[in-house]
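What follows is a set of notes on a single structure, which appears directly below.
The values are calculated or read from the model by the stated rules, or taken from the named source; none is laboratory data. All figures in this text were calculated on a predicted structure; none of them were measured in a lab. As a convention, Cβ positions derive from the backbone with ideal geometry for all residues, glycine included, and neighbour counts pool all protein chains shown. We work out accessible area using only protein heavy atoms, side chains counted, and drop any ligands, DNA or RNA first. Shrake-Rupley method; radii C 1.70, N 1.55, O 1.52, S 1.80 Å.
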Amino acid sequence: MPIQTMKGALRVLLVAAVFFAGVWSHASGVIDEFLFYLPDVQYLMGQHLWLTAVSGGLAIAAAIPLGIVLSRPSMARIAESAMQVLNVGTTIPTLAVLALSMSFLGIGTVPAIFGLFVATLLPIARNTYAGLKGVSPALMEAAAGIGMSPTQRLFKVELPNALYVIFAGIRTALTINVGTVPLAFLIGAGGLGELIFTGIALYDTVMMLAGAIPTALLAIIVDALIATTAFLVVPRGVNPSRA
Amino acid sequence: MIQLDSLTKVFDTPKGAVVAADHIDMEVPAGEICVLLGPSGCGKTTTLKMINRIIRPTSGKVYINGEDTTGMDTQDLRRGIGYVIQQIGLFPNMTIEENITVVPRLLGWDKARYKERAREMMAMIAMEPDAFLKRYPNELSGGQQQRIGVARALAADPPVMLMDEPFGAIDPINRAVIQDEFLKMQQELKKTIMFVSHDIDEAIKMGDRIAIFREGKLVQSSTPDDLLAAPRNAFVESFLGEDRALKRLNLVKVRDVVSDDIGCVRPDDTLEAALARIDDFGYQSSILMVNDRRQPVGIITRSVARTTKGYCRDHFLGIPASVNLDDDLRKVASLMFAHDTTWLPCVDDDGRVCGQITQRSMTRHLGSRYRALEGDVSPNATALTDTTPKE
Ligand SMILES: Nc1ncnc2c1ncn2[C@@H]1O[C@H](COP(=O)(O)OP(=O)(O)O)[C@@H](O)[C@H]1O
Ligand SMILES: [Mg+2]
């Protein structure tokens, strides 16, 4: 109950804060300044989303099969070491990944997408692997015992039961991806980072915010979209959010 | 029919080889339940799982309905065998209907047929189809889930079923209910079932035949009654427990022991006539009084008959209890203890007296089986008393 009350109070405060921020920004003419950046924001946001979509899409397309392959019993011997490598990979800061990527592939879109791809790949592959390995042995035995082939077991039992965890991985990975794309500007790939970093360099707060706020909004929207997809796609019986 | 021919499994473990099943030879006749029984780790599960190749045998063969399964495709083999495990293993991502129809769908049944089948199976396990078919396993109680587990195994109507401690995870009350339901189903379905248990009472209740395992070896395979009457060695004897004679009470029906030679009196008889009849039949304490339709209404005690004048209808006592021909001796013994009596009248399904059962006849019946089997406990001993025809 106290938690509920606190949540309610926070919500009221938040609404009030947004309201007063609105009043203040209108009075001080900030809104007009923002509107000045609108065409830039639109163009850069398109670029931003494109970077996310390509790197994220490629990462999902590669990470899920990678997780599946590593979780097969025949791979048991190398799977754990491979996961160790992936775990170490996850701890490398994305900026460092981008820097490394640049040192191999030069500057521009390709190294940026490659760097983002690597950073996004790891959490998805890890969750896919963990999700599949987490399917209870009793379930696998039942599936085998009633005569499902290994492929049928994968698609009818393992993946549906791991789906929630896999989606959690995709959600984390893509949200981070959207938030990281601004760094891609540093190796010459554009995106909303252009406004943020230029704004910082020029001490132009409004310019910086014109990049930062849409980035934050994008992250929130992507997160919500994936959460909704998971809610709809993951079968009710294995979907904690629909229990 | 399931036949195991010298079936052996050796596990290679870091600590060396473990012989989990050592040259197991056995046979489960068609339509019977054979319970594999023994302490934990004796190789029951290993033996069972070699039949559907969840565990690959090291050597030996499995025949199902006379056919050597060695050359059969693993998936085909398994789809023809119902499989129920203790952990139930319903697929949480599938509805109850999808769970039940999973094997029919693997076998490529058309939709109308497997949907119809799901409803049939629900009726068989006494669960309301409309209430449950669209639900998910996590919305059901443990007992309901295990019923669905059984329904899933039976859905494609396999002739053979393997059940590994299927009711082990259910609370005792529900377990007894599900066991009874299952036995009732089995009477109609006549599946050939291999059933793993570590619970002697469950084995006696479910098994047409019990196979006792110890450290990977099959020690004795007999009908429950023979097993309890004549354990082959000290291990089996201690495993069955010191009250094994009492356990046999479960297995014997009143029908097997009843004596139809019972003297009765009518309400219109005089007490004098009653006393004469008590003496004629050599009864110790009392005689049964029945009405015109031979239903038991009371007893006349010897002391009353000797000391009083008059008609039986005015001087009888209530009957303590009566038993049905299909009751087991455990119930009879319990009633005798409760009512401090050495005999009870037996009634048929219409409630008419058809005989009596006495403590002496019970002890004699149980004892005679001991004597018949005593001293002859070679493998043939069980065959001699085996009444089930071989096909
Ligand atoms: N996969 C395995 N690897 C090694 N040893 C095993 C394996 N499965 C079972 N065992 C061993 O085989 C023996 C029999 O096991 P099991 O058939 O499961 O016994 P039960 O079902 O009678 O309790 C035990 O000693 C057990 O430790
Ligand atoms: Mg076991």
Check your understanding: By the scheme Lys and Arg +1, Asp and Glu -1, what is the net charge of all other residues having a beta-carbon under 15 Å from that of A:T120?
Key -> +1
Revision key, fill the gap. Carbon plus sulfur, as percent of the 1.4 Å-probe accessible area of chain B, comes to 49
**Study point:** Leading residue at positive end of dipole, region B:2-251 (Cβ point charges), from B:V28, B:P104, B:G82
**Key:** B:P104
Exercise for review: Heavy atoms only, probe 1.4 Å: what % of the accessible area of region A:155-201 goes to carbon and sulfur, would you let me know?
Suggested key: 70
Review point. Separation between the B:D201 and A:V233 pseudo-spin-labels, each 7 Å from Cα along Cα→Cβ, expressed in nm?
Key: 5.1
Review point. How large is the dipole of region B:2-251 about the Cα centre if only Lys and Arg carry +1 and Asp and Glu carry -1, each at its Cβ, rounded to the nearest 20 debye?
Key: 480
Check your understanding: Heavy-atom accessible area per residue, chain A, 1.4 Å probe: how many Å²?
Key -> 53
**Study point:** Area of B:F281 that stays accessible when all protein chains are in place (1.4 Å probe, Å², to 10)
**Key:** 80
Point to revise | Full-extension gain in nm, A:L186 to A:L202, via 0.36 nm per residue minus C-alpha separation | key: 4.2 nm
Point to revise | Fully extended contour minus Cα-Cα distance, from B:D73 to B:S40, at 0.36 nm per residue | key: 8.8 nm
Check your understanding: Top to bottom by accessible area (1.4 Å), largest first, where do B:W109, A:W50 land?
Key -> A:W50, B:W109
Exercise for review: Please work out the FRET efficiency for the pair B:D180 and B:A234, using the Cβ-Cβ distance as r and a Förster radius of 45 Å; give the result to the nearest 0.05.
Suggested key: 0.85
Point to revise | Contact order relative to length of region B:254-373, as percent, for alpha carbon pairs under 8 angstrom and 6 or more apart | key: 28
Point to revise | Rg/Rg_globular for region A:1-62, with Rg_globular taken as 2.2 N^0.38 Å and Rg from C-alpha atoms | key: 1.81
Practice item. Report, in order of residue number, the helices in chain A meeting two criteria: a C-alpha extent of 18 Å or more along the helix axis, and a mean Kyte-Doolittle hydropathy of at least 0.5; treat each whole DSSP H run as one helix. Key: A:2-28, A:30-71, A:109-133, A:159-184, A:205-233
**Study point:** Modelled FRET efficiency - R0 60 Å, B:D280 with B:R113, Cβ distances, 0.05 increments
**Key:** 0.35
Revision key, fill the gap. Ranking B:H23, B:H315 from most to least accessible area with a 1.4 Å probe gives B:H23, B:H315
Review point. Over what distance in Å are the Cα centres of region B:1-59 and region A:65-116 separated?
Key: 46
Check your understanding: Going by alpha carbons, how many degrees (0 to 90, nearest 10) lie between the helix axis of B:359-373 and the longest principal axis of chain B?
Key -> 40
Exercise for review: Please list the non-local residues whose amide H lies under 5 Å from the amide H of B:F213, H modeled 1.01 Å from N, same-chain partners needing a gap of 5 or more.
Suggested key: B:L37, B:G38, B:V219
Revision key, fill the gap. In the neighbourhood of B:R53 defined by beta carbon distances under 13 Å, the net charge of the other residues (Lys, Arg +1; Asp, Glu -1) is +3
Point to revise | Å² of accessible area per residue within region B:159-300, as computed with a 1.4 Å probe and no ligands counted | key: 44
Revision key, fill the gap. Kirkwood-based Rg/Rh on the Cα set of the protein assembly as shown evaluates to 1.20
Check your understanding: Between rounded, prolate and oblate, where does region B:67-207 land on the alpha carbon gyration tensor, with a ≥ b ≥ c its root eigenvalues, rounded for a/c under 1.5, else prolate if a/b exceeds b/c?
Key -> oblate
**Study point:** Label-to-label distance, nm, for residues given as B:E120 and A:W24 (7 Å Cα→Cβ offset)
**Key:** 7.4
**Study point:** Total formal charge among the other residues, if their Cβ is under 13 angstrom from that of A:E33, Lys/Arg +1 and Asp/Glu -1
**Key:** -3
Review point. Calculated from DSSP H runs of 4 or more alone, at -39500 (n - 2.57) each and per residue, what is the 222 nm mean residue ellipticity of chain A, nearest 500?
Key: -28000 deg cm²/dmol
Exercise for review: Give the shape of region A:1-158 as rounded, prolate or oblate, defined through the alpha-carbon gyration tensor: a ≥ b ≥ c are the square roots of its eigenvalues, a/c under 1.5 means rounded, and otherwise the shape is prolate if a/b is larger than b/c and oblate if not.
Suggested key: oblate
Review point. How far, in degrees from 0 to 90, does helix B:329-339 lean away from the longest principal axis of the Cα atoms of chain B, to the nearest 10?
Key: 40
Point to revise | Number of partner chain Cβ atoms within 10 Å, mean per residue of B:47-55 | key: 1
**Study point:** Between 0 and 90°, nearest 10: helix B:142-154 axis offset from chain B longest Cα axis
**Key:** 70
Review point. Rounded, prolate or oblate: which one fits chain B, using the alpha carbon gyration tensor with axes a ≥ b ≥ c (rounded when a/c is under 1.5, else prolate when a/b beats b/c, else oblate)?
Key: prolate
Revision key, fill the gap. Expressed in square angstrom to the nearest 10, the accessible area of B:V19 with a 1.4 Å probe stands at 70
Review point. How much solvent-accessible surface does B:I178 expose, in Å² to the nearest 10, with a 1.4 Å probe and all protein chains in place?
Key: 10
Review point. Roughly how much accessible area, to the nearest 100 Å², goes out of reach of solvent when A and B pair up, both sides summed, probe 1.4 Å?
Key: 1900
Review point. Can you give the mean number of other chain Cβ atoms that lie within 10 Å of the Cβ atoms in peptide B:102-108?
Key: 3
Review point. Taking Cα pairs under 8 Å and at least six residues apart, what relative contact order does chain B come out at, in percent?
Key: 15
Revision key, fill the gap. Sorted list, accessible surface of protein heavy atoms, 1.4 Å probe, largest first, for A:V206, B:V258 is B:V258, A:V206
Review point. So, by mean Cβ neighbours within 10 angstrom, what's the order for B:11-18, A:138-145 with the highest one leading?
Key: A:138-145, B:11-18
Practice item. Would you mind checking A:K156/B:K15; B:K15/B:K217; B:K134/B:K184; B:K49/B:K205; A:K156/B:K184; A:K133/B:K61 for any pair whose Cα atoms are more than 30 angstrom apart? Key: A:K156/B:K15; A:K156/B:K184; A:K133/B:K61
Check your understanding: Counting partner chain Cβ atoms within 10 Å of every residue's Cβ in A:226-239, what's the average?
Key -> 3
